[in-house]
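Enquirer: Here it is: the structure, laid out below.
The values are calculated or read from the model by the stated rules, or taken from the named source; none is laboratory data. Only a predicted model underlies this, so the values are computations on that prediction, with no experimental measurement involved. Every residue, glycine among them, receives a Cβ derived from its backbone with ideal geometry; neighbour counts consider all protein chains shown.
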Amino acid sequence: MGIWTTFYAVSFYVATLILIMGVGYKIVQYAKTPAPLKIPTTPAPLTTGGVVIRMLLEVILFKSLFRSNKWIWLFAMLFHGALWVVLLRHLRYFIAPEWVIFPIWEMVELIQPFGKYGSFIMIFGLLGLLARRLFIERMRYISSASDYLMLILLLVIGASGVLMSFVTRTDIVQFKAFMLSVTCFQWQNFELAAYQMPTDSMLLVHLGAVILLMIVFPFSKLLHAPGVFFSPGRNQVDNPREKRHVAPWAIKQFEAR
């Protein structure tokens with residue numbers, strides 16, 4: 001078993017464990033955080049159905065960002081939209097056709113060329129977001145080192161992926177065999193050369209950056225992905241007159257008296 005095969009297999013397991021446990025812990029923490037006040041950002045929906053529609057518009061179309069700044073909205077939409085296409089394209093490295101329903105695998109195959117060129121759009125969106133922090137004074141003032149590092153890390157992932165697709169060539173068949181063995185815990189396969197991790201420098205950089213992103217994700221501002229669903233300004237119904245809002249912890253204190 002090669003040193004790179006061992007290192008990346010173990011790193012993948014560790015990063016996945018940290019990602020799942022870290023994000024899971026934060027979601028539980030968000031869910032337990034009390035919301036003692038009725039503070040929906042107005043104009044707010046008056047019904048639960050309206051809140052669902054509002055959240056969908058926020059998560060999918062970034063409605064509030066569109067109202068706030070059209071240029072930032074454009075770069076954010078380009079990045080996030082292309083990112084989803086690229087992620088769906090990468091599913092082929094982690095699953096086999098016999099594992100999934102046929103239309104799903106057909107969709108993964110259909111999206112391959114779009115994901116391949118979508119990486120350029122993703123990089124363009126990231127560069128726009130980075131330029132925003134570098135050249136807009138008020139954004140530069142409130143930006144921390146971690147804000148820049150997250151953008152640079154994502155750019156490294158995108159750029160290395162583009163270079164692997166269009167400049168340097170990686171043995172994709174061998175890499176998929178390696179990832180399927182990791183996913184299925186078939187460690188005995190690593191004794192065979194055909195299942196070991198390819199040692200292309202650009203692939204090592206790409207996967208190293210992905211693993212690092214998985215590790216830092218639960219501790220970074222990227223947690224806005226699940227956190228938006230727990231924002232009281234977005235997920236509350238604007239009905240303070242119709243229904244009194246009392247936080248669960250306040251009810252328990254009242255009953256204890």
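Enquirer: From the set of residues in the stretch 230-257 that are charged (D, E, K, R) and surrounded by 11 or more Cβ atoms within 10 Å (Cβ to Cβ), which is modelled with the lowest pLDDT?
Expert: Just the residues of the stretch 230-257 that are charged (D, E, K, R), to begin with: 234, 238, 241-244, 252, 255, 257.
Restricting the remaining residues to those that are surrounded by 11 or more Cβ atoms within 10 Å (Cβ to Cβ) gives 234, 238.
Numbers: Arg234: 88, Asp238: 85.
Filtering first and then ranking leaves Asp238.
Enquirer: Arg54 fails exactly one of the following numbered conditions: (1) among the charged types (D, E, K, R); (2) modelled with pLDDT of 90 or more; (3) farther than 28 Å from Arg132 by Cα; (4) more than 18 Å from the chain's Cα centre (by Cα). What is the number of that condition?
Expert: Status for Arg54: all satisfied but (3).
Enquirer: Could you pull out the residue among Val156, Val167, Val182 that is surrounded by 13 or more Cβ atoms within 10 Å (Cβ to Cβ), of a type in the set (Val, Ile, Thr) and closer than 30 Å to Leu129 by Cα?
Expert: Unique residue meeting the criteria: Val156.
Enquirer: Further question on the same structure: Just name the residue that is surrounded by the most Cβ atoms within 10 Å (Cβ to Cβ) out of those in the stretch 72-118 that are in contact with a helix residue (DSSP H, G or I) (Cβ under 9 Å, 6 or more places away or on another chain) and outside any helix (DSSP H, G or I).
Expert: Ile111
Enquirer: Looking at (1) loosely packed, with under 14 Cβ neighbours inside 10 Å; (2) in contact with a helix residue (DSSP H, G or I) (Cβ under 6 Å, 6 or more places away or on another chain), which is the only condition Lys176 fails?
Expert: Looking at each condition in turn, Lys176 falls short on (1).
Enquirer: Six or more apart or on different chains, Cβ under 6 Å: which pairs go from a residue in the stretch 112-135 that's in contact (Cβ under 8 Å) with a residue 40 or more places away in the chain to one that's small (Gly, Ala, Ser)? Could you list them?
Expert: Close Cβ pairs (under 6 Å, with a partner that is small (Gly, Ala, Ser)) amount to Lys116/Ser165; Ser119/Gly158; Ser119/Gly161; Ile121/Ala82; Met122/Ala82; Met122/Gly158.
Rundown of residues vs (1) surrounded by 12 or more Cβ atoms within 10 Å (Cβ to Cβ); (2) in contact (Cβ under 8 Å) with a residue 60 or more places away in the chain; (3) in a helix (DSSP H, G or I), yes/no style:
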{"site": "Tyr30", "(1), (2), (3)": "yes, yes, yes"}
{"site": "Pro40", "(1), (2), (3)": "yes, yes, no"}
{"site": "Ala44", "(1), (2), (3)": "yes, yes, no"}
{"site": "Val51", "(1), (2), (3)": "yes, yes, yes"}
{"site": "Arg54", "(1), (2), (3)": "yes, yes, yes"}
{"site": "Leu57", "(1), (2), (3)": "yes, no, yes"}
{"site": "Phe66", "(1), (2), (3)": "yes, no, yes"}
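Enquirer: In addition: Filter the stretch 169-194 down to residues that are assigned to a loop (DSSP other than H, G, I, E, B) and either touching a Pro at 6+ places or on another chain (Cβ under 7 Å) or at pLDDT 85 or above (or both), then give me how many there are.
Expert: Counting residues in the stretch 169-194 that are assigned to a loop (DSSP other than H, G, I, E, B) and either touching a Pro at 6+ places or on another chain (Cβ under 7 Å) or at pLDDT 85 or above (or both) gives 5.
Enquirer: Could you please let me know if Phe7 is under 30 Å from Leu192 (Cα atoms), in a helix (DSSP H, G or I), among the hydrophobic types (A, V, I, L, M, F, W, C) and modelled with pLDDT under 95?
Expert: The answer is yes for Phe7.
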